[in-house]
Ligand SMILES: [Zn+2]
């Protein structure tokens, strides 16, 4: 577990910590019903604005994020869906195929723009948030979405969003 915690320190953490939490059922952009403990505070493990437990059952999210609140929440929802086993192998395979990605889903693929480890899981979360919160597939986003470098050509963005909306449940 510790190696996972180190590799995914940016957004995924090993387990829930004690503290104030509220059970919540979040409706994701794809219509999935996601049951989580939503803790409105920064990540207690990393000090970042948000993170999600590896089991997908707890999301920490700093509430004072203004217009970035929803995109970051949806990014964490993607991790929660993954953690709860709600992302199908077909969706992951399609995401990897479209991006030409190979290798382990959770392996560190190098530093993000902020110097954090980047994995396919992080790219997936970034893409899922992009698809769920941006108005059009030709919309180019800035930080924090771009932190992990998921900024593919338009065709790949369209196909990726199509794959999520059709299959991610
Ligand atoms: Zn993340």
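The values are calculated or read from the model by the stated rules, or taken from the named source; none is laboratory data. Nothing here was measured: the structure is a model prediction, and the numbers come from that model. Cβ placement follows ideal geometry from the backbone for every residue including glycine, while neighbour counts extend to all protein chains displayed.
Observations
- Residues that are surrounded by fewer than 18 Cβ atoms within 10 Å (Cβ to Cβ), modelled with pLDDT of 90 or more and closer than 27 Å to residue 162 by Cα occur at least once in region 48-55.
- Region 49-76, residues that are closer than 17 Å to residue 147 by Cβ and touching a strand residue (DSSP E or B) at 6+ places or on another chain (Cβ under 8 Å): 49, 50, 51, 52, 61, 62, 69, 72, 73, 75, 76
- Identification of helices (runs of 4 or more DSSP H) wholly contained in region 27-140 with 2 or more residues that are over 19 Å from residue 153 (Cα atoms) and within 15 Å of the ligand (Cβ to nearest atom) yields 69-83.
- Listed by first and then second residue, the pairs with beta-carbon distance under 9 Å, at least 6 apart or on different chains, first residue in region 141-164 and more than 15 Å from residue 94 (Cα to Cα), second modelled with pLDDT under 85 and more than 16 Å from the ligand (Cβ to nearest atom), are 141/134; 145/134; 146/140; 151/140; 154/137; 154/138.
- In region 25-47, the residues that are touching a helix residue (DSSP H, G or I) at 6+ places or on another chain (Cβ under 6 Å) and modelled with pLDDT of 90 or more: 34, 36
- Considering 85, 103, 115, 110, the condition of being at positive phi and within 14 Å of the chain's Cα centre (by Cα) is satisfied by 85 alone.
- Condition broken by residue 114, with the remaining ones in (1) modelled with pLDDT under 90; (2) farther than 18 Å from residue 50 by Cβ satisfied: (2)
- In region 1-19, the count of residues that are surrounded by 17 or more Cβ atoms within 10 Å (Cβ to Cβ), at pLDDT 90 or above and closer than 26 Å to residue 107 by Cα is zero.
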